[in-house]
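What follows is a single structure, written as structure tokens, with notes after it.
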Amino acid sequence: MAVHNVTLIRGDGTGPELVEATRRVLEAAVATSGSSFNWDVVEAGVDIMETAGTPLPDNVLASCRKNKVALKGPITTPIGTGFRSVNVALRKELDLYACIRPCKTYEGVRSRYDDIDIVIVRENTEDLYAGVEYDLGSEEADLIIKMAGGKIRSDSAISIKPFSVTGVRQIIKVAFEYAIENNRKKVTAVCKANIMKYTDGMFYKIAREVAAAYGATFAPGTPLPAQSDPTMADCAGKAAGIVYDEWLVDAMCMQLVQKPENYDILVMPNLYGDILSDLGAGLVGGLGVAPGANIGADCALFEATHGSAPKYKNQNKVNPTALILSGYLMLKYLKEDAAADRLEAAIKKVIAEGTHVTYDMKPDRNDPTAVGTAEMADAIIAAL
Ligand code: NAD
């Protein structure tokens, strides 16, 4: 029994309607455990930009830092305004270095596959998303072109891809800690080390050292490191029985399309994680059912994988399941396990019945019996 202080970022496009549906469901889910929420509702995105002059006003970050837990609706990335993505900025400012995206099949969801239960653990702050870019013709780009000694054409724009030991170590640790806590059997590190020997090569090197420090079982053919991570002596034996293996990202894409049931936890750098998250969403029935959690040392922000779907704004049409499942991850994070389990069971029931679901979950997308965002939330509340 607790009162949870949570920042509620309404977002833009379809965000506010999805957030409102999710808020009602979460309040109903915790009420039976005697808990409640004290929401701090804040605005970010293209709508508030018109009055505040920025899509990310200071009070949003201040509220997240104070409450340490936030639930967020999707936010449009303004094009041609000079503002970078609010979503990327939030992850960087709050140092939410890990993105956890479960991809799980629920009975009744239309998908080519069944029995998938994969979790993508994506590094969230480094890589080509670090925002270190140099425009065509800039002094910095020209300098790098000169330094590259003929490897880069003179008419190039440049993005820098930094990986740090700290960043790689902490994301691999997140993957193993998640595996241990959730009784998972395998952690697979995914990158492209055959081509990018220093960045992706280091990703594998550190991943192997961390896996060895946890006492994981190396899959046949997976190289053993020269040493286990010297900073992690306290983790010895924690991942006994969990298998560690590796795949190159291109081969992993084919594996996921052909044999997704063979994979468990996949841990990878930022860009590959972004792409494979949508692939994972596609395996389990689409963006309407793909949740996410952004986790840092001090703060966590929960949001769906999908964007603001602006063409459906104010139509009470889009699927609230992805954001409600993100709320389920938030309940787990808040140690509201009983409420979380009840909520997942209610979502499963509504999806399996297939009656009170949005258009994207009907066999025919024009099915007139499809319900709206709010009505699907009502059905989940009724099933709790
Ligand atoms: P999108 O995910 O918003 O929508 C793509 C399509 O997927 C939609 O047209 C719709 O058909 C479907 N879809 C998405 N969410 C759905 C839902 N809940 N229910 C049913 N169908 C759904 O992707 P986009 O059009 O590429 O992006 C729109 C904006 O959102 C862009 O500005 C993008 O930068 C931003 N974005 C934000 C986030 C975030 O807030 N974390 C994530 C991705 C994209």
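Among the residues of segment 275-301, what is the count of those that are open to solvent by 10 Å² or more (accessible area, probe 1.4 Å), near the ligand (Cβ under 9 Å from one of its atoms) and in a loop (DSSP other than H, G, I, E, B)?
So the answer is 1.
Pick from segment 343-363 the residues that are open to solvent by less than 30 Å² (accessible area, probe 1.4 Å) and away from the ligand (no atom under 16 Å from the Cβ): which of them is farthest from LEU329 (Cα to Cα)?
Across segment 343-363, the extreme among qualifying residues is ALA346.
Does ALA62 fit the bill of being under 28 Å from ASN5 (Cα atoms) and open to solvent by 20 Å² or more (accessible area, probe 1.4 Å)? Please lay out each step first, then the result.
Numbers: under 28 Å from ASN5 (Cα atoms): yes; open to solvent by 20 Å² or more (accessible area, probe 1.4 Å): yes.
Against the criterion (under 28 Å from ASN5 (Cα atoms) and open to solvent by 20 Å² or more (accessible area, probe 1.4 Å)), ALA62 qualifies.
Working only within segment 324-372, note down all residues that are of a type in the set (Ser, Thr, Tyr), part of a helix (DSSP H, G or I) and more than 22 Å from the chain's Cα centre (by Cα). Reasoning before the result, please.
Here is the first cut: in segment 324-372, the ones of a type in the set (Ser, Thr, Tyr) are 326, 328, 333, 355, 358-359, 369.
Subsequent filtering for residues that are part of a helix (DSSP H, G or I) retains 326, 328, 333, 359.
Within segment 324-372, just TYR359 meets the criteria.
Within segment 205-237, how many residues are buried (at least 24 other Cβ atoms within 10 Å of the Cβ) and among the aromatic types (Phe, Trp, Tyr)?
Residues that pass the stated criteria total 1.
Go through MET196, MET202, MET254 for me and flag whichever is part of a loop (DSSP other than H, G, I, E, B) and aliphatic (A, V, I, L, M).
Values: MET202 fails: part of a loop (DSSP other than H, G, I, E, B); MET254 fails: part of a loop (DSSP other than H, G, I, E, B).
Exactly one of MET196, MET202, MET254 is part of a loop (DSSP other than H, G, I, E, B) and aliphatic (A, V, I, L, M), namely MET196.
Return a yes/no flag: does segment 119-142 have any residue that is under 30 Å from ALA370 (Cβ atoms) and more than 16 Å from the ligand (Cβ to nearest atom). I'd like the intermediate steps shown before the answer.
Pass one, segment 119-142, residues under 30 Å from ALA370 (Cβ atoms): 119-120.
Filter once more, keeping what is more than 16 Å from the ligand (Cβ to nearest atom): 119.
Scanning segment 119-142, I find at least one residue that is under 30 Å from ALA370 (Cβ atoms) and more than 16 Å from the ligand (Cβ to nearest atom), so the answer is yes.
Tell me yes or no: at least one residue of segment 50-57 is within 12 Å of the ligand (Cβ to nearest atom), part of a loop (DSSP other than H, G, I, E, B), open to solvent by less than 30 Å² (accessible area, probe 1.4 Å) and in contact with a Gly (Cβ under 6 Å, 6 or more places away or on another chain).
yes
Looking at this structure, is TYR328 open to solvent by less than 70 Å² (accessible area, probe 1.4 Å) and out of contact with any helix residue (DSSP H, G or I) (no Cβ under 9 Å at 6 or more places or on another chain)? Reasoning before the result, please.
Working: open to solvent by less than 70 Å² (accessible area, probe 1.4 Å): yes; out of contact with any helix residue (DSSP H, G or I) (no Cβ under 9 Å at 6 or more places or on another chain): no.
In short, no.
Any residue at all in segment 243-251 that is hydrophobic (A, V, I, L, M, F, W, C) and over 17 Å from THR188 (Cβ atoms)? Please lay out each step first, then the result.
Filtering segment 243-251 for residues hydrophobic (A, V, I, L, M, F, W, C) gives 243, 247-249, 251.
Subsequent filtering for residues that are over 17 Å from THR188 (Cβ atoms) retains none.
So far as segment 243-251 goes, no, none of its residues is hydrophobic (A, V, I, L, M, F, W, C) and over 17 Å from THR188 (Cβ atoms).
Identify, please: which residue in segment 296-323 is aliphatic (A, V, I, L, M) and within 14 Å of the chain's Cα centre (by Cα) and is, among those, nearest to GLU181 (Cα to Cα)? Explain how you work it out, then say what you get.
Within segment 296-323, the first condition is being aliphatic (A, V, I, L, M), and the residues that meet it are 297, 300-301, 304, 309, 318, 322-323.
From what is left, the residues that are within 14 Å of the chain's Cα centre (by Cα) are 300-301, 304, 322-323.
On the way: ALA300: 17, LEU301: 19, ALA304: 22, ALA322: 23, LEU323: 23 Å.
So, considering only residues that are aliphatic (A, V, I, L, M) and within 14 Å of the chain's Cα centre (by Cα), the one nearest to GLU181 (Cα to Cα) is ALA300.
Just one of the numbered conditions (1) touching a Cys at 6+ places or on another chain (Cβ under 9 Å); (2) open to solvent by 10 Å² or more (accessible area, probe 1.4 Å); (3) outside any helix (DSSP H, G or I); (4) not β-branched (Val, Ile, Thr) is not true of ALA70; which one?
The single condition ALA70 does not satisfy is (2).
Consider segment 12-49. How many of its residues are of a type in the set (A, V, I, L, M) and away from the ligand (no atom under 13 Å from the Cβ)? First the steps, then the outcome.
So in segment 12-49, the residues of a type in the set (A, V, I, L, M) come out as 18-19, 21, 25-26, 28-31, 41-42, 44, 46, 48-49.
Going one step further and asking which of them are away from the ligand (no atom under 13 Å from the Cβ), we end up with 25-26, 28-31, 41-42, 48.
Matching residues across segment 12-49 total 9.
Going through segment 95-124 one residue at a time, which ones are under 13 Å from LEU279 (Cβ atoms) and open to solvent by less than 20 Å² (accessible area, probe 1.4 Å)? Walk me through how you get there before you give the answer.
Kept after step one, since they are under 13 Å from LEU279 (Cβ atoms), are these residues of segment 95-124: 101, 103, 111-113, 116, 118, 120, 122.
Listed by number, the residues that qualify are ARG101, CYS103, ILE116, ILE118, ILE120, ARG122.
If only one of ILE145, ILE172 is open to solvent by less than 70 Å² (accessible area, probe 1.4 Å), over 25 Å from GLY292 (Cβ atoms) and not in a loop (DSSP other than H, G, I, E, B), which one is it?
On the way: ILE172 fails: over 25 Å from GLY292 (Cβ atoms).
Unique residue meeting the criteria: ILE145.
Kindly evaluate ASP245 against the criterion of being crowded, with 16+ Cβ neighbours inside 10 Å and either touching a Lys or Arg at 6+ places or on another chain (Cβ under 6 Å) or assigned to a strand (DSSP E or B) (or both). Reasoning before the result, please.
Values: crowded, with 16+ Cβ neighbours inside 10 Å: yes; either touching a Lys or Arg at 6+ places or on another chain (Cβ under 6 Å) or assigned to a strand (DSSP E or B) (or both): yes.
Criteria met by ASP245.
Listed residues ALA309, ALA251; which is open to solvent by 20 Å² or more (accessible area, probe 1.4 Å), of a type outside the set (Val, Ile, Thr) and out of contact with any Ser or Thr (no Cβ under 7 Å at 6 or more places or on another chain)?
On the way: ALA309 fails: out of contact with any Ser or Thr (no Cβ under 7 Å at 6 or more places or on another chain).
Step by step, each of ALA309, ALA251 is checked, and only ALA251 is open to solvent by 20 Å² or more (accessible area, probe 1.4 Å), of a type outside the set (Val, Ile, Thr) and out of contact with any Ser or Thr (no Cβ under 7 Å at 6 or more places or on another chain).
Please pick out the residue among ARG65, ARG84 that is modelled with pLDDT of 95 or more and either away from the ligand (no atom under 12 Å from the Cβ) or in a loop (DSSP other than H, G, I, E, B) (or both).
Numbers: ARG84 fails: modelled with pLDDT of 95 or more.
When all the criteria are applied, what remains is ARG65.
The values are calculated or read from the model by the stated rules, or taken from the named source; none is laboratory data. Keep in mind that what you see is a predicted model, and the values were worked out from it rather than measured. Note: ideal-geometry Cβ built from the backbone for every residue, glycine included; neighbour counts use all protein chains shown. Areas reflect the complete protein model, heavy atoms only, side chains present, ligands, DNA and RNA absent. Shrake-Rupley method; radii C 1.70, N 1.55, O 1.52, S 1.80 Å.
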